[in-house]
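**Q** Just passing along the structure, written as structure tokens.
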Amino acid sequence: MKKNTTHNLTVAAMLSAVAFILMFIEFPLPMLIPSFVKMDFSDLPELLAAFAYGPLAGVAVAGIKNLIHLPLSSSMYVGELSNFLLGAVLSVAAGAIYKKHKTKRGALAAAVLSAVIMGLISVPVNYWIIYPLYYNVLGFPQAAVLDMYRAILPATKSILQALFIFNLPFTVAKGLLCAALCAGIYKPLSPLLHGRK
């Protein structure tokens, strides 16, 4: 049992390090969403941990990744908070669903549903927590944020509407991309994740 725990902790630490590195591989999609929201795949190791060891392992990887990134923050830690909250939602949803249905179909359902849940949760998280921090901590005026959405879709009337039109589908797509990558590499990585030869 002790050997198992040590192995799991070691692999979770490795996944956290990989997630931290993946945070630097990000890119904007300015034709789809304002450039301050970027696409990255740093949630992938969290999903691997959630599927291999359970929801809390995924949350731990999300937390460690963002803690390591704090000294390099360019957003007064607001970006890291957002990344952690949404990554934790993805990990908890995927890990909890897969824990009850440990089949290929269960894994697929967990991946898709967790991406949708993360997208839905992104709206209230951004509206009530993250964007107010952008306005008040970073001094980024709400009107300026709204103008960035209007540059893509002039008919956008409010931040809440923008979050539904832009951020929700973007976040779901990000979760689905990470889930697709996870599906492609989980089986080859399974011996490492579970300490089997």
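The values are calculated or read from the model by the stated rules, or taken from the named source; none is laboratory data. As the structure is a prediction and not an experimental result, all values here were calculated from the model. Counting neighbours? That spans all protein chains shown, and the Cβs are built from the backbone with ideal geometry, glycine included. These area figures cover heavy atoms from the full protein model, side chains too; ligands, DNA and RNA do not enter into them. Shrake-Rupley method; radii C 1.70, N 1.55, O 1.52, S 1.80 Å.
**Q** What are the principal axis extents of the Cα atoms in the chain, in Å, biggest first?
**A** Its Cα atoms span 55, 37, 24 Å along the three principal axes.
**Q** May I ask for the equivalent-ellipsoid semi-axes of the stretch 41-81, computed as the square root of five times each C-alpha gyration tensor eigenvalue and listed largest first in whole Å?
**A** Sorted largest first and rounded, they come to 22, 9, 7 Å.
**Q** Evaluate Rg over Rh across the stretch 102-197, taking Cα atoms for both radii and Kirkwood's formula for Rh.
**A** We get a ratio of 1.16 for the stretch 102-197.
**Q** So for each of 32-38, 112-118 I average, over its residues, the number of other beta carbons within 10 Å; can you give me the resulting order with the highest mean first?
**A** So the order, starting with the most tightly packed, is 112-118, 32-38.
**Q** For Lys157, go through the aspartates and glutamates and keep the ones whose alpha-carbon is under 17 Å away, minus same-chain ones fewer than eight residues off.
**A** Once the sequence-local aspartates and glutamates are set aside, what remains near Lys157 is Asp147.
**Q** Among the listed pairs Lys100/Lys174; Lys38/Lys187; Lys65/Lys187; Lys99/Lys174; Lys102/Lys187, which have their C-alpha atoms separated by more than 20 angstrom in this model?
**A** Too far apart for the 20 Å limit: Lys100/Lys174; Lys38/Lys187; Lys65/Lys187; Lys99/Lys174.
**Q** Spin-label point model (7 Å from Cα, Cβ direction): what's the Ser190 to Leu67 distance in nm?
**A** Result: 3.1 nm between the two label points.
**Q** For a quick check: with amide H placed at 1.01 Å from N, whose amide H comes under 5 Å from Met39's, ignoring anything fewer than 5 positions away on the same chain?
**A** Phe27, Leu29
**Q** Hey, what did the stretch 8-159 get for relative contact order, percent, Cα under 8 Å, at least 6 apart?
**A** So the answer I get is 19 percent.
**Q** Separate question: Using helices alone, I'd like the mean residue ellipticity at 222 nm for the chain: each DSSP H run of four-plus residues gives -39500 (n - 2.57), total over residue count, nearest 500.
**A** -23000 deg cm²/dmol
**Q** Heavy atoms of the protein only, probe of 1.4 Å, neighbouring chains included. What is the accessible area of Thr103 in Å², nearest 10?
**A** 80
**Q** Mind checking the angle between helix 104-125 and the chain's longest principal axis? C-alpha axes, 0 to 90 degrees, to the nearest 10.
**A** 30
**Q** Kirkwood-based Rg over Rh for the stretch 146-197 (C-alpha set), two decimals?
**A** With Rh from the inverse mean 1/r over Cα pairs, Rg/Rh is 1.37.
**Q** For the stretch 189-196, take each phi angle, set θ = phi - 60°, evaluate the Karplus expression 6.51 cos²θ - 1.76 cosθ + 1.60, and give the result in whole Hz per residue in order, putting x for glycine and proline.
**A** So the J values, rounded to whole Hz, are 7, 3, x, 5, 4, 9, x, 9.
**Q** Taking R0 as 30 Å, what FRET efficiency do you get between Thr5 and Ile165 from their Cβ-Cβ distance, rounded to the nearest 0.05?
**A** Plugging the Cβ-Cβ distance into 1/(1 + (r/R0)^6) gives 0.10.
**Q** Roughly how many nanometres apart are two label points built 7 Å out from the Cα toward the Cβ at Arg105 and Ala155?
**A** Reported label-point gap for Arg105 and Ala155 is 4.0 nm.
**Q** Which of Phe24, Ala50, Ser35 sits farthest toward the positive end of the charge dipole of the stretch 1-84, with +1 on the Cβ of Lys and Arg and -1 on the Cβ of Asp and Glu?
**A** My answer, from the dipole projection, is Ala50.
**Q** In whole Å, how far is the Cα centre of the stretch 51-86 from that of the stretch 102-148?
**A** Rounded to whole Å, the Cα centres lie 14 Å apart.
**Q** In addition: Would you calculate the volume per residue, in Å³, of the smallest convex hull containing every Cα atom of the stretch 41-120?
**A** Cα convex hull per residue, to the nearest whole number: 73 Å³.
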